[in-house]
Amino acid sequence: MESKYDLIEQDLANKIIHGIYPVNTYLPSENELCELYGTSRETVRKALAMLLELGYIQKIKGKGSIVLDVSRFVFPVSGIKSFKELNQSQDMHSRTKLITLEPRLVPNKTFNLDNDDQLNATYIERLRTVNDEPIIIDIDYILSAVVANISERVAKNSLYEYFEDELGLDISYATKTITVEKPTEHQRQLLKLPANKDVVVIRSMTYLSDTTLFQFTESIHRADKFSFVDFARRQKMKGH
């Protein structure tokens, strides 16, 4: 079940995307948002912090939260979010097409593993489209030692809903690398890219709360359809 601040964040994000709160205008004040959503200031601040992290707003001291230009879908580099959750939060109206579902070994070179590693996995390749336009190829290797079987029904829907709600897995953290690469011919055809266009590839390894590695992912994005955002806070050093 989603928290109150998640629902507020999604509602505000949708209103920003659809121009109800236009670029370079200010969101209602925290007090006004508390009254609008019938909730506490702490909950509103959590929702605003999520919008800030995702690049929807910027806090201006003494004035409030100004709306930024979100002309592309915002992909959070930090955090672990399923595509279905991203789709819902940004009102993308996307569809998923299952390309391949089969047993495979995790490719060691792709994820910088030792050559001796032989990791059996379920290979899932899916194409994400928005308004019938292809934007992402998601490739997942789910380790068979953790999840023995994945059905076509699950692969076409949300893996994380299945892992968390049906299997009770406690997904905790991930490590990620981001590169700009030339797409393969297969990727170029799926994404309908001209020969001279690069793609942004996010490779991640995802772990359970007990530190068990269970998922390897490659997400191949059309670079012209996404903004990639992260949140960083400067840590002041003592004595400087």
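The values are calculated or read from the model by the stated rules, or taken from the named source; none is laboratory data. In this text, all values refer to a predicted model and were calculated from it rather than measured experimentally. Note that we place each Cβ from the backbone using ideal geometry, even for glycine, and neighbour counts take in every protein chain shown. The accessibility values were calculated without ligands, DNA or RNA, using every heavy atom of the protein model including side chains. Shrake-Rupley method; radii C 1.70, N 1.55, O 1.52, S 1.80 Å.
Apply 1/(1 + (r/R0)^6) to the Cβ-Cβ distance of ASP11 and ASP170, taking R0 = 35 Å, and write down the FRET efficiency to the nearest 0.05. List each step's numbers first, then the result.
On the way: r = 28 Å, r/R0 = 0.80.
Rounded to the nearest 0.05, the efficiency is 0.80.
Rounded to whole Hz and in sequence order, give me ³J(HN,Hα) for the range 34-43 from the Karplus expression 6.51 cos²θ - 1.76 cosθ + 1.60, θ = phi - 60°, writing x for Gly and Pro.
Result, ordered by residue: 4, 5, 4, 9, x, 9, 7, 5, 4, 5 Hz.
Could you calculate the contour length gain from GLN189 to SER29, that is, 0.36 nm times the residue separation minus the distance between their Cα atoms, to one decimal place in nm?
Numbers: separation 160, 0.36 × 160 = 57.60 nm, distance 4.69 nm.
That pair, GLN189 and SER29, stretches by 52.9 nm at full extension.
Can you send over the carbon and sulfur percentage of the accessible area for the range 118-229, probe radius 1.4 Å, protein chains only? All intermediate terms of the calculation are to be shown ahead of the outcome.
On the way: 2420 of 5290 Å².
Accessible surface attributable to carbon and sulfur in the range 118-229 totals 46 percent.
Dividing the Cα radius of gyration by the Kirkwood radius, what Rg/Rh value follows for the range 107-206?
Working: Rg = 15.2 Å, Rh = 15.5 Å.
Ratio of gyration radius to Kirkwood radius for the range 107-206: 0.98.
What pairs in LYS46/LYS176; LYS63/LYS176; LYS59/LYS97; LYS61/LYS197; LYS46/LYS156 have C-alpha atoms more than 30 Å from each other? List each step's numbers first, then the result.
Numbers: LYS46/LYS176 25 Å; LYS63/LYS176 35 Å; LYS59/LYS97 39 Å; LYS61/LYS197 40 Å; LYS46/LYS156 32 Å.
Check vs 30 Å cut-off fails for LYS63/LYS176; LYS59/LYS97; LYS61/LYS197; LYS46/LYS156.
I want the local charge near ARG188. Using Cβ-Cβ distances under 11 Å, sum +1 for each Lys or Arg and -1 for each Asp or Glu among the other residues.
Working: positive: LYS182, LYS192, LYS197, ARG222; negative: GLU185, ASP198.
Around ARG188, the charge tally is +2.
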